[in-house]
Amino acid sequence: MRRISDEFELPDFDDDDDSYGYHLRRQRRRIGKWIGLLALCAVMVAGVYSVARVTTEQSNDNFCLGCHTAPERAYVDRADAAMGGALAVDLASYHYQYQRGQGAAMRCIDCHQGNGSLGARAAMLSLSVRNAITWLAGQNNSALEKTYVTEPRLSNDGCLACHQKKLLVAGMANHYHNMLPAVYEMWRNGASVIPPPGSVDQQAVIAAGLVRYDTSLLCSSCHEAHRTSEMDKYLDTKIVVPARCVQCHREVGKGPLSVSFPAQ
């Protein structure tokens with residue numbers, strides 16, 4: 001008797017053959033990979049949306065106050081009072097008042113976002129995460145009179161963006177500004193040096209340019225934005241500024257190590 005073989009006949013499985021289980025496990029792993037990939041995509045989309053949303057909302061001071069409650073609420077109240085005609089009690093509220101007088105707007109983020117570059121954005125987001133963790137842990141600094149900046153280079157870039165004309169005036173009379181490393185870099189990147197008033201040979205001043213001095217001082221070293229002050233230009237010329245002058249002189253190896261200013 002002939003036996004007709006069927007090439008489509010299923011192979012015989014014995015007890016030791018786990019081929020079916022292997023294929024089932026492989027299918028499950030494939031499904032698991034797709035689920036993981038979809039979950040990763042969802043997380044990435046949520047992250048991009050969150051960054052975009054925060055970036056947009058940061059232009060609104062009230063959004064900032066959703067997390068920054070104390071002492072930032074007091075800072076916004078100071079600014080609101082200054083814009084309403086009251087005496088600006090600190091440098092930050094004076095900026096709000098001045099900008100309102102010029103028909104422009106002022107926001108917290110203007111001084112805390114750096115120069116808007118990708119690196120500044122990353123630094124700001126990193127700072128936001130650290131601040132959130134500190135706040136959740138109940139260890140945030142709620143002191144009202146701030147005499148330091150957590151991420152000073154971000155606020156320093158904000159100062160540079162608005163005060164170039166003051167910083168780039170050449171000459172010894174303005175050396176406490178034009179000798180800062182950040183100002184030197186600004187000049188090297190294309191900003192023009194400004195001859196001081198009354199200079200005889202302005203072309204020579206422009207040609208000479210600036211000299212780099214290695215000091216750690218930044219704008220906020222002298223200009224404390226969230227400290228109440230009745231002093232002229234919101235500068236503590238009795239304690240803070242002389243100490244910063246001496247610090248700079250020590251770091252660059254030039255200048256007197258004892259500095260004082262006339263009483264105002």
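Read-outs throughout are calculated quantities, based only on the coordinates presented, and are distinct from any laboratory measurement. These numbers were taken from a predicted model, which means no experiment stands behind them. Note that each Cβ is placed from the backbone with ideal geometry, even for glycine, and that neighbours are counted across all protein chains shown.
For the reader, a short list of remarks on this structure follows.
- Degrees between helix 91-101 axis and first principal axis of the chain (Cα, 0 to 90, nearest 10): 90 degrees
- When you restrict to C-alpha pairs under 8 Å that are six or more residues apart and normalise by the size of the chain, the relative contact order lands at 14 percent.
- Estimated vicinal HN-Hα couplings, Hz - segment 111-119 in sequence order (Karplus 6.51, -1.76, 1.60; Gly, Pro = x): 9, 10, 9, x, 9, x, 6, 4, x
- Within-15-Å neighbourhood charge of Ala170 [Cβ basis; K, R +1; D, E -1]: +3
- Three-way shape call for the chain based on the alpha-carbon gyration tensor, with the a/c threshold at 1.5: prolate
- Computed over segment 128-264: relative contact order in percent, which uses C-alpha pairs under 8 Å that are six or more apart: 22 percent
- Loop-located trypsin sites (Lys or Arg not before Pro) in segment 222-264 whose Cβ has at most 14 other Cβ within 10 Å (DSSP): Lys238, Lys254
- Near Arg78, once Lys and Arg are set to +1 and Asp and Glu to -1 for all other residues with Cβ below 13 Å from its Cβ, the sum equals -3.
- Helical content of the chain, expressed as a calculated mean residue ellipticity at 222 nm, amounts to -15500 deg cm²/dmol (DSSP H runs of 4 or more residues, -39,500 (n - 2.57) each, divided by residue number, nearest 500).
- Loop GluC sites (Glu not before Pro), segment 188-264, which have at most 12 other Cβ atoms in a 10 Å radius of their Cβ (DSSP): Glu230
- Whole-Hz couplings from phi, Karplus 6.51/-1.76/1.60, listed for segment 166-174; x for Gly and Pro: 6, 6, 8, 5, 7, x, 5, 5, 10
- Max mean-square fluctuation residue, GNM over the chain, Cα-Cα springs under 10 Å, options Gly114, Gly198, Gly101: Gly198
- Solitary cysteines of the chain, where the nearest other Cys Cβ is not under 4.7 Å: Cys41, Cys64, Cys67, Cys108, Cys111, Cys162, Cys222, Cys245, Cys248
- The calculated FRET efficiency for Ser192 paired with Ser117, based on their beta-carbon distance and R0 = 25 Å, is about 0.70.
- Close amide H contacts of Val169 (hydrogens built in the peptide plane, cut-off under 5 Å, sequence separation of 5 or more or a different chain): Ile194.
- In the elastic network of the chain, a GNM with C-alpha springs shorter than 10 Å, the most mobile of His223, His175, His68 is His175.
- Using alpha-carbon coordinates, inclination of helix 19-57 to the longest axis of the chain, degrees: 20 degrees
- Folded to 0 to 90 degrees: helix 152-162 orientation relative to the chain principal axis, Cα: 60 degrees
- Segment 107-153: C-alpha gyration tensor shape, a/c 1.5 cut-off, then a/b vs b/c: oblate
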